[in-house]
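Only one structure is covered here, and it is reproduced in the block below.
The values are calculated or read from the model by the stated rules, or taken from the named source; none is laboratory data. Predicted model only: the values in this text are computed from it and were never measured. Note that we place each Cβ from the backbone using ideal geometry, even for glycine, and neighbour counts take in every protein chain shown.
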Amino acid sequence: MERWKKILLQSLRDTDELAERFGLPAEELRQVNRIFPCRIPRTLLERIKSTDDPLFRQCVPDPAELSDDNDLMNDPLGELRFRKTEVIVQKYPDRCLFLVSGECAMYCRFCTRKRKFRQPFRIGEEEIESGLRYIREHTELRDVLISGGDPLLLNDDKLEYILQGVRQAEHVKIIRIGTRTPGVLPERITVKLVRMLKKYHPLYLNIHFNHPAELTRETQTALKRLADAGIVLGSQTVLLKGVNDDPEIMRELMWKLLENRVRPYYIFQCDLIYGTGHFRTPLSKGIEIMESLRGWSSGMANPHFVIDLPGGGGKIPVTADYFLRREGNSIFCRNYCGEEYCYPDID
Ligand SMILES: *Cc1c(COP(=O)(O)O)cnc(C)c1O
Ligand code: SF4
């Protein structure tokens, strides 16, 4: 058995062990675990030295998950509404999500798909076939985003079957895979996997990273392997209270990603998922972070800060405002340092 599979099988699922390890209330954690199960690879658990660790809040169940308010929903992104088959979500004219795996290496406590932890779903061959058929028949699709769960939790063979199937649709120009494994289970990025992936170029990998501490030596090796295979790496970060709601931490994360050839792509406002209210930050926090990046760091280190609109409206950018006022054709702006400049516009 491959090493990553062993690590996965031995993941921690029993919260009593967590309670003992970190001195937490055992019965409360058990209650949370019944509703929103926990899964932590032991290789990752060993990295968590204290309850202040940025990974701790991301993976250890918290009684706060059971005390959420009414703003929060089970399907805030309206994915059920845009569901085209069991495994396809299409909201945009030229691209779709293809959900190929119901599993993740670690269950993130703030996950958008948290409602699925309760009944971990198996995606069978029939569903995959229906997804592939949809993609072949919809010639407007130029970009297929393979997601889940985490697609890299599939066996190499199964993943290759899917990539091959998508590639058979000639109208699909690029394939994207969304994954968190390089950061939480870097052992998954084997030479064999990468050798397989690179057959399906142009291939983009969007990797979920929330904190610079997630870029360990093993993770950096995995990223190097992927980048050396010509896979274009991007990052997605969820803005999380108590984890990364801090300009310094975000700046360090963006820089560390760039050093590893990962181009920061999105910072997400935390979705309104039931059981995640304790991670929410006001929009102003994200804007403050974006202002601290713009101008102060390379443009390459500036992702888009977006909200995935509740109700299924899709993603919209949230930006700081650099326009101050307009006087005739004179546009008064501020720069990143707050100095005022005038731009002469034309009619
Ligand atoms: C995020 C998302 C995409 C991809 O959006 P991009 O802005 O192109 O990265 C596509 N479909 C759905 C349903 C999504 O949620
Ligand atoms: S890796 Fe992504 S899909 Fe999986 S639990 Fe974490 S946030 Fe959710």
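Condition first: away from ligand 1 (no atom under 16 Å from the Cβ) and either under 14 Å from Gly131 (Cα atoms) or touching a Phe, Trp or Tyr at 6+ places or on another chain (Cβ under 9 Å) (or both). Now tell me which residues in segment 159-172 satisfy that.
Listed by number, the residues that qualify are Leu159, Glu160, Tyr161, Ile162, Leu163, Gln164, Gly165, Arg167, Gln168, Ala169.
Between residues in segment 239-263 that are touching a residue at least 12 places away in the same chain (Cβ under 8 Å) and residues that are charged (D, E, K, R), which pairs lie under 6 Å by C-beta distance while being six or more apart or on different chains?
Gly242/Arg57; Val243/Arg57; Asp245/Lys285
Could you pull out the residue among Ile128, Ile88 that is in contact with a strand residue (DSSP E or B) (Cβ under 6 Å, 6 or more places away or on another chain) and more than 16 Å from ligand 2 (Cβ to nearest atom)?
After applying the criteria, what remains is Ile88.
Check whether at least one residue in segment 128-151 is within 23 Å of Glu2 (Cα to Cα) and in a helix (DSSP H, G or I), and report yes or no.
The answer is yes; a qualifying residue exists.
If we keep just the residues of segment 48-103 that are of a type in the set (Ser, Thr, Tyr), out of contact with any helix residue (DSSP H, G or I) (no Cβ under 6 Å at 6 or more places or on another chain) and farther than 21 Å from Ile174 by Cα, which is surrounded by the most Cβ atoms within 10 Å (Cβ to Cβ)?
Ser67
Checking His138 against (1) more than 16 Å from ligand 1 (Cβ to nearest atom); (2) farther than 26 Å from Thr237 by Cβ; (3) at pLDDT 95 or above, which test does it fail?
(1)
Just need a number here: residues in segment 176-190 that are among the small types (Gly, Ala, Ser) and surrounded by fewer than 24 Cβ atoms within 10 Å (Cβ to Cβ).
Result for segment 176-190: 1.
Considering only residues that are closer than 21 Å to Lys241 by Cα and assigned to a loop (DSSP other than H, G, I, E, B), which ones fall in segment 289-305?
Scanning segment 289-305 gives Asn302, Pro303.
Name every residue in segment 59-116 that is within 10 Å of ligand 1 (Cβ to nearest atom), modelled with pLDDT under 90 and aliphatic (A, V, I, L, M), in order of residue number.
Across segment 59-116, the qualifying residue is only Leu77.
Look at Ile331 and say whether it is among the aliphatic types (A, V, I, L, M), assigned to a strand (DSSP E or B) and in contact with a Gly (Cβ under 8 Å, 6 or more places away or on another chain).
When the stated conditions are applied, Ile331 does not pass them.
Give Leu193, Leu141, Leu205 a once-over and let me know the one that is more than 28 Å from Leu309 (Cβ to Cβ) and surrounded by 15 or more Cβ atoms within 10 Å (Cβ to Cβ).
Leu193
Is there a residue being within 26 Å of Ser50 (Cα to Cα), away from ligand 1 (no atom under 16 Å from the Cβ) and surrounded by 16 or more Cβ atoms within 10 Å (Cβ to Cβ) anywhere in segment 258-268?
No - not one qualifying residue is present in segment 258-268.
Residues in segment 147-184 that are of a type outside the set (Gly, Ala, Ser), farther than 19 Å from Ile123 by Cβ and within 15 Å of ligand 2 (Cβ to nearest atom): how many?
Summing the residues that are of a type outside the set (Gly, Ala, Ser), farther than 19 Å from Ile123 by Cβ and within 15 Å of ligand 2 (Cβ to nearest atom) in segment 147-184 gives 2.
Which numbered condition trips up Arg294, out of (1) under 24 Å from Pro212 (Cα atoms); (2) in contact (Cβ under 8 Å) with a residue 24 or more places away in the chain; (3) within 16 Å of ligand 1 (Cβ to nearest atom)?
(3)
Yes or no: segment 221-236 includes at least one residue that is at pLDDT 95 or above, assigned to a loop (DSSP other than H, G, I, E, B), away from ligand 2 (no atom under 16 Å from the Cβ) and among the hydroxyl-bearing types (Ser, Thr, Tyr).
Taking every residue of segment 221-236 in turn, none turns out to be at pLDDT 95 or above, assigned to a loop (DSSP other than H, G, I, E, B), away from ligand 2 (no atom under 16 Å from the Cβ) and among the hydroxyl-bearing types (Ser, Thr, Tyr).
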